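Throughout, read-outs are computed from the coordinates displayed, never taken from laboratory work. What you see is a predicted model; the values in this text were computed from it and never measured. Neighbour counts run over all protein chains shown; Cβ positions are idealised from the backbone, glycine included.
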Amino acid sequence: MSLEALIPSAIDGLMLGFVYGLAAMGLTLIFGVMRVINLSHGPVIALGMFVVYTLFTGPLGVNPYLGIVAALVIGLAFGVVEYFVALDRVINAPELTTLLATFSVNLMIIGIATSVFTTTPRAVDVSLGSVGIGNVTVLGTHAVAVLVAIVVAAGLYGLLFRTRVGKSIRAVANNRAAAELMGIDSRRMLALAFGIGTSLAMVSGALLSTLFPFNPLSGTGYEVKSFVIVVLGGLGNPTGALLGGIVIGLLEGVTTVFIPVSWVPVLEYVIFILILLVRPAGLLGARA
Amino acid sequence: MKRMRVPFLPAIVALLAVLAAFPILTNNPSMREELFLVFMLVTLASSINIIMGYTGYVSFGHIVFFGLGGYFAFYLMQIQGWHFIPSLIVAAIPSAVIAALIGFPILRLRGAYFALATVGINEAMRVVFNNWDLFGGAVGMFFNFSVYTQYGGAKAASELAYYTMTVVAIATITVSYLIKRSKFGLALMAIREDQDVAMIVGIRPSRPKIAAYVISAVFPAMAGATFFFKNGIIEPGHAFELLRSIESLVMVVLGGIGTVAGPIVGAAAYEWLRGFLITNPALANFQLFLAGLLLLVTVLFVSSGLVGWLRERFPVLRGYVP
């Protein structure tokens, strides 16, 4: 295969990888802090898309990139509420219970979203032109998506490692009982962590809405992709998730040059299962 | 233990047999269709309960065996021209072998890692079949209508599928009951409670775990073979549908995890509820929302499920409802 075909698809994949990575960071943060696999992650990603869509097509015609800020805030609030409604009571129960609790939220979101928005494909029509460097053309929307993803990821880092709240969240993740003995209100930290994780999913969905068409069920595919990425990077490790996202994005971009598109997911799932079996701690080892 | 001699198994088998005969005797095809579905869900829920309820391994992508059984049987019937019954029996064998092969590595994983691995395996199978021309690729396979003539027409074939599903469901419940009453079942439950302690008291966990996984894979494979025989069409998205997998977990939890009767009650209740919600015009749109709400309430407040709750509330029942 020629290099001319390889470089643009690698760049395309790389950019998409940042957005995948953002959603996966939310999933892995939640798992790392409270050992919960959040099955409502996919519908929340879809909600992020519809936040942007609703604001954009509404009477105010809010700019999609302003909509992303709204998605961030709404995601945080939604996550905190979801934590207290669905998880607080069963946070110490075995996996199955929290899996089903978050799955019930998944059903509720999809139920409401499909009856409000139906399953007709939607799109947020936004164009920022494109930049050409040699024979590589980068769409403006993709470039901005990467930029936003990097800013949000950096923000998460600042929050987790440079603030007192972040320190508390990490303490709760590390040892809840010990954190409580140090005077940290662990319930509040768990709720906050869940809110942040949900917020990341919504922002990722908001960014995806500017790139691809979508409907309320679109989140599920991204959720499964997030699982793959999270395992690749190490369950509970946000840096790993971002890296895993980039790896998967690159993989998707590069392999399509060599093999039919429909075989790419086979490769992804094979990697997923192999990592689980051979190196369950992921590429970067577990936990932040 | 004496009180356990109350014959739960003959009672439930007789009940199901009578129930199964009812639509045939009254010549009620729509009721027959509904019971076909209920028996299928009972099979799925009861078999998932063996690995999840007894052994404590949350097999999230368990529907993979339903799809595999369906595909293998369909291949034998469509491409090789076999009769349905031998196809069903033969299709269960590769499904069991695959379960053993994947069970061996993934059952070493614990908790969330196992659950995620099973999702990965189901999705991987779906995309593999999506690309595999031998099994029809993304389009899948479908019967010519003439296939049903050797069974005496589509109606007779449909009835044959119905009887088969009834037998499969009864077999699943019987096996589930026998496991619960056996030493093998005790080993599984010891592993569920604490695998490390189980090892200390002399249980080698790998063998019973794999056996439980294989057993819990065989019945969904048969159910899949029967379902897709009746359906006449099989395609990857429908055969390896993750949502159906999760639905069977929900049924187990609604009915009562780790009990023999729970999955039966849960499957029947779930299907009844769904039928009720879909046919009610005011609620049809909110069907999924209400299903989610019900699940959440169950998970938060009645975590042992309907049968489990009854057993706790009325201890005398424990002798009758395992």
field: Pair-distance profile P(r), taking every C-alpha pair of segment A:5-91, with 5 angstrom steps and integer %
entry: 3, 12, 18, 20, 16, 14, 10, 5, 2, 1, 0
field: By average C-beta atoms within 10 angstrom, highest first, the peptides B:19-28, A:30-39
entry: A:30-39, B:19-28
statement: Measuring from its Cα centre, the protein assembly as shown shows a charge dipole (+1 at each Lys and Arg Cβ, -1 at each Asp and Glu Cβ) which, in debye to the nearest 20, is 1980
query: To the nearest whole number, what is the average tally of beta carbon atoms from other chains within 10 Å of the beta carbons of peptide A:274-282?
result: 3
For segment A:3-278: Kirkwood Rh in Å [reciprocal of mean 1/r, alpha carbons]: 19.0
query: If one computes P(r) from the Cα atoms of segment A:192-252, what percent of pairs lie at distances over 15 Å?
result: 57
- prompt: Tilt of helix A:264-278 relative to the longest C-alpha principal axis of chain A, in degrees (0 to 90, nearest 10)?
  reply: 30
task: List the residues whose amide H sits under 5 Å from the amide H of B:TRP82, counting only those 5 or more places along or on another chain, with H placed 1.01 Å from N in the peptide plane.
output: B:MET77
field: Residues with amide H under 5 Å from that of A:ARG122, placed H, sequence gap 5 or more
entry: A:PHE214, A:ASN215
- prompt: Per q in 0.06 1/Å, what log10 I(q)/I(0) does a Debye calculation on the alpha-carbon atoms of chain B return?
  reply: -0.20
field: Per-residue HN-Hα couplings for segment A:33-44 [Karplus 6.51, -1.76, 1.60; θ = phi - 60°; Hz; x = Gly/Pro]
entry: 7, 10, 6, 10, 8, 7, 7, 8, 4, x, x, 5
field: Relative contact order [Cα under 8 Å, 6+ residues apart], chain A, whole percent
entry: 40
query: Can you give me the relative contact order of segment B:133-240 as a percent, contacts being Cα pairs under 8 Å and 6 or more apart?
result: 45
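Quick one: divide the alpha-carbon radius of gyration of the protein assembly as shown by 2.2 N^0.38 Å and tell me what you get.
Against the compact-globule rule of thumb, the ratio is 0.99.
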Segment A:11-63-segment B:172-203 distance, computed between alpha-carbon centres (Å): 42
- request: Run down the lysines and flag those whose C-alpha is under 27 Å from the C-alpha of B:LYS209, throwing out any fewer than 8 positions away in its chain.
  value: B:LYS180, B:LYS183
message: Cut-off under 16 Å on the C-alpha distance; same-chain residues fewer than 8 positions from B:LYS155 excluded. Which aspartates and glutamates are left, in chain and number order?
response: B:GLU33, B:GLU34
task: Give the Debye-formula value of log10 I(q)/I(0) at each listed q (0.20, 0.33, 0.35 Å⁻¹), with one equal scatterer per alpha carbon of segment B:227-266, two decimals each.
output: -0.67, -0.95, -1.01
query: In which sequence would B:PHE114, A:PHE212, B:PHE143, A:PHE227 go, from the one with the fewest C-beta neighbours within 10 Å to the one with the most?
result: A:PHE212, B:PHE143, B:PHE114, A:PHE227
